[in-house]
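Below is one structure, written out as structure tokens; the observations come after it.
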Amino acid sequence: MTDTTSASVRPLTTDEADALVTAARRAADEQGVRIAVTVLDAGGHLLAFRRDDRAVLIAGETSTRKAFTAAQLDAPTADLVEAVRPEGLFHTLPTALDRPLLFIAGGVPLRRDGRLIGAIGVGGGAPDQDHAIATAATAALPVA
């Protein structure tokens, strides 16, 4: 008997992850921003990473943590910034977990057919720039 309630969705591939990195770097070049970009699968495992030679060193760490946060919470990190403020819903979440979440704009979940397949994180620019670059890169992801 076939289970029709959970349709299979093709997972994110390393070729797609590489295309996302290339697209993010292209978008960053257009803005004159030196970045690090991380692509994770839905389980939070590394598929692709690249840090520009002239990007600040911490950009590698922030891009990875932004991608992880976006994947774990299935939401853009830009949408979560307010939730971790003292009066926010997730105020204690960053200290309650062992894994390093980062609530700064620049992490974007990746979906196919409405299902989470991974996340991209960008670090190195201002938060709004990182978010715009990550969002622009998602256009490189085939929908099917």
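What does the helix-only formula give at 222 nm for the chain: each DSSP H stretch with n ≥ 4 adding -39500 (n - 2.57), the total divided by the residues, and the result rounded to the nearest 500 deg cm²/dmol? Show your work: numbers first, answer last.
Numbers: 4 runs with 49 residues, N = 144.
Value at 222 nm, helices only, nearest 500: -10500 deg cm²/dmol.
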Contact order normalised by length for the stretch 14-140, with contacts defined as Cα pairs under 8 Å and 6 or more residues apart; what percent is it? 31
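Using packing as a proxy for protection, rank 45-54, 13-22, 66-75 so that the peptide with the highest average count of other Cβ atoms within 10 Å comes first. Intermediate results must be reported in sequence, preceding the final value.
Numbers: 45-54: 14.7, 13-22: 17.8, 66-75: 23.6.
Peptide ranking by packing, descending: 66-75, 13-22, 45-54.
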Interchain or sequence-distant (5+) residues whose placed amide H lies within less than 5 Å of the amide H of residue 55 are none
Using +1 at the C-beta of Lys and Arg and -1 at the C-beta of Asp and Glu, which of 33, 78, 141 has the Cα lying farthest in the positive direction of the dipole of the chain? 33
If I compute percent of Cα pairs over 20 Å apart from the structure I just sent, which labelled value in (1) 35; (2) 43; (3) 46 lines up? (2)
Go through the stretch 119-126 residue by residue and turn each phi into a ³J(HN,Hα) via Karplus (6.51, -1.76, 1.60, θ = phi - 60°); whole Hz please, and just put x for glycine and proline. 7, 10, x, 10, x, x, x, 5
Karplus (6.51, -1.76, 1.60) ³J(HN,Hα), θ = phi - 60°, over the stretch 107-118, in Hz, Gly and Pro reported as x: x, 9, x, 10, 10, 9, 6, x, 10, 5, 10, x
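Just so you know, all these numbers are worked out from the coordinates, no wet-lab data involved. What you see is a predicted model, and the numbers here were worked out from it, not measured in a lab. Positions of Cβ are generated from backbone atoms using ideal geometry, with glycine treated the same way; all protein chains shown enter the neighbour counts.
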